[in-house]
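No value in this document is a laboratory result; all are computed from the given coordinates. Just so it is clear, the model here is predicted, and its values are computed rather than measured. Using ideal geometry, Cβ is built from the backbone for each residue, glycine included, and neighbour counts are taken over all protein chains shown.
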Amino acid sequence: MAQDKKQDNSLENMRKKLIFRSWHRGTREIDLLLGRFADAHLPDFDAAELKEYDELLHNSDPDLYNWLTGKENPPANRDSSVLQKLIKFHK
């Protein structure tokens, strides 16, 4: 019981950090694209999806922008179900 609560708190803290990072990337365009997605979807993400999203945030703003706007296809090693949700969210 206590372990479940601890894990819930840990996931909630991770969600808050990822939402903050989504809104504070450095370029306003990416802040808006990622921040709106994070607000809408991260509260429902499980631990695996949060980890995927965290890994996605390690990509550069220009790469993310190009993938989200369809200017470039994401490389196979960067493509994930979370990235596909993010792309679909902005179509």
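Contact map, the stretch 12-23: first residue farther than 10 Å from L42 by Cβ, second residue surrounded by 12 or more Cβ atoms within 10 Å (Cβ to Cβ), Cβ cut-off under 7 Å, separation 6 or more or different chains; pairs are R21/L57; W23/D31; W23/G35. Are any of the residues in the stretch 18-28 within 20 Å of K91 (Cβ to Cβ) and aromatic (F, W, Y)? No - not one qualifying residue is present in the stretch 18-28. Of the set (1) closer than 13 Å to L86 by Cβ; (2) loosely packed, with under 12 Cβ neighbours inside 10 Å, all apply to D8 but (1).
Considering only residues in the stretch 80-91 that are polar (S, T, N, Q) and part of a helix (DSSP H, G or I), the one that is nearest to G26 (Cα to Cα) turns out to be Q84. Examine the stretch 39-58 for a residue that is of a type in the set (F, W, Y) and touching a Lys or Arg at 6+ places or on another chain (Cβ under 8 Å), and state whether such a residue exists. Yes; the residues of the stretch 39-58 include at least one that is of a type in the set (F, W, Y) and touching a Lys or Arg at 6+ places or on another chain (Cβ under 8 Å).
Can you find even one residue in the stretch 25-33 that is touching a residue at least 24 places away in the same chain (Cβ under 8 Å) and at positive phi? Checking the stretch 25-33: at least one residue is touching a residue at least 24 places away in the same chain (Cβ under 8 Å) and at positive phi.
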